[in-house]
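Taking it in order: structure first as structure tokens, then the write-up.
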Amino acid sequence: MKTPQILTGQQAIDQFGLNALIECRVAITTELNGLGHSVMQIGVIADPDNCFIDLSDEPAVLYVEIEQDDDWILHPIMADEQFVLLDDKNQPASNEVLARRVVELTETVTVLDNQLAAKPSDSGYQALIHERDILKADKERLEAQVKRFADAYIHLLGIFGAIPAKAATDVILERKRQFNIEGWSHEHDDQHDTGELAAAASCYANYTQAYPESSPPPHWPWSKDWWKPKDKRSNLVRAGALILAEIERLDRSTKGAN
């Protein structure tokens, strides 16, 4: 079992070895929209033998798969780059390490504030302000990530009464992604009251190569632009999240009727 912790890419390799790290869940800092700002994202360490890696780029010691804009991308982790190693089976420790990262960023911002207060207005001043603002943004996004991470596990604990298996965790996190990334809401789901959510779930659950990727099954309830199948497991995770959405919608409609 790998204890949740903050470590660099090289430290992870030295401590665990590459093979033991593959499929481990991690929190990394990535650039946001090329604007010079950064954001914390959850991903899994990829098997480099099963990935296309651009060898013209600077070599990395690890690669992390993260979902972004309905696609999977690889984020390289350099030898001296820090990331947070998480443990799906140890939610309290994972949250504690993520929270510690927030503290570290907060302390860094405080140091920069003190430097700013003592620094005269010159060419380096604006650069320091920019660095501080980026760190503040990192801290705020990380705090939000910690809350989403904790909320997902708390919800699971309420369902199962114990730390759940990775499969159940992934379904809940996919449901969270639909809210946090896709921007859906309970109000939006409530409009699909004629079985669309369950129908969409069945399409993903039963998807095979019988239909071209650009052509959804005949009973797909929405525009084909929203049909985005992936590998079998990812399709089942999406199906599970859609079924959960339908159950939640039914519960809300029953509660409203009562």
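Every read-out reported here was derived from the displayed coordinates using simple, explicitly stated rules and does not represent laboratory data. Predicted, not measured: the structure shown is a model, and the values here were computed from it. Using ideal geometry, Cβ is built from the backbone for each residue, glycine included, and neighbour counts are taken over all protein chains shown.
Around the amide H of GLN5, modelled in the peptide plane, lie the amide H atoms of LEU85, all under 5 Å away and 5 or more residues distant in sequence or on another chain.
Gain on full extension, evaluated as 0.36 nm per residue between ASP225 and GLU65 minus their Cα-Cα distance, stands at 55.2 nm. Applying 1/(1 + (r/R0)^6) with R0 = 45 Å to the Cβ-Cβ distance of SER215 and ALA127 gives a FRET efficiency near 0.30. The order of the peptides 238-250, 186-198, 17-29 by mean Cβ neighbours within 10 Å, most packed first, is 238-250, 17-29, 186-198. Remark: for residue pairs LYS166/LYS228; LYS89/LYS255; LYS166/LYS230; LYS166/LYS224; LYS2/LYS166, the C-alpha separation exceeds 25 Å in LYS89/LYS255; LYS166/LYS224. The length gained by stretching the chain between ILE247 and GLN191 to full extension, at 0.36 nm per residue less their Cα-Cα distance, is 18.8 nm.
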